[in-house]
Amino acid sequence: MTDKTTIVVHSGDMDKLYSALIISTGALAMGMEASLYFTFWGLERLFQDFKELGGKIIACDMTMEIMGIKKEDLRQDLIDEYGAVGTYIEEARNSKITLFI
């Protein structure tokens, strides 16, 4: 199993976004892989620093459909993958740390 952390970002609240980014950036700095799975309001806040450190951003396509968000509405340069819950499960299955923030 790869040293990896996977975090579900469900909220657009800045304190929760900062927590997700601090934890995931810390994991990256410790040589781990890190994935942030953005769902609902979390889709509105994507961060360049996380990407520059090698983090992976997954946007929930089912949430996008429910909320009427199109791919072109989002920053394509930040998103690595679009997926549903199966995508998250596969990331989490291969992670040593999984959080829901």
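The values are calculated or read from the model by the stated rules, or taken from the named source; none is laboratory data. In this text the structure is predicted, and so the values were computed from the model without any measurement. Every residue, glycine as well, gets a Cβ built from its backbone with ideal geometry; the counts of neighbours run over all protein chains shown.
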Sole exception among (1) under 12 Å from the mean Cα position of the chain (by Cα); (2) more than 20 Å from THR2 (Cα to Cα); (3) among the charged types (D, E, K, R) for ASP77, by number: (1)
Test: THR25 is touching a Phe, Trp or Tyr at 6+ places or on another chain (Cβ under 9 Å), surrounded by 15 or more Cβ atoms within 10 Å (Cβ to Cβ), of a type in the set (Val, Ile, Thr) and within 18 Å of THR5 (Cα to Cα): yes
So GLY42, is it modelled with pLDDT under 90, crowded, with 18+ Cβ neighbours inside 10 Å, assigned to a helix (DSSP H, G or I) and not acidic (Asp, Glu): yes
Neighbours by Cβ (under 8 Å, 6+ apart or cross-chain): first from the range 3-16, closer than 22 Å to MET32 by Cα; second basic (Lys, Arg) and buried (at least 18 other Cβ atoms within 10 Å of the Cβ): none
Test for THR63: is it over 16 Å from LEU99 (Cα atoms), of a type in the set (Ser, Thr, Tyr) and buried (at least 17 other Cβ atoms within 10 Å of the Cβ): yes
Yes/no for SER35 being surrounded by 13 or more Cβ atoms within 10 Å (Cβ to Cβ), in contact with a Ser or Thr (Cβ under 6 Å, 6 or more places away or on another chain) and in a loop (DSSP other than H, G, I, E, B): no
Pick from the range 1-32, criterion of a type in the set (Ser, Thr, Tyr) and assigned to a loop (DSSP other than H, G, I, E, B), ranking: modelled with the highest pLDDT: SER11
Hits in the range 56-76 - residues which are outside any helix (DSSP H, G or I) and either more than 23 Å from GLY31 (Cα to Cα) or among the hydroxyl-bearing types (Ser, Thr, Tyr) (or both): ALA59, CYS60, GLY68, ILE69, LYS70, LEU74, ARG75, GLN76
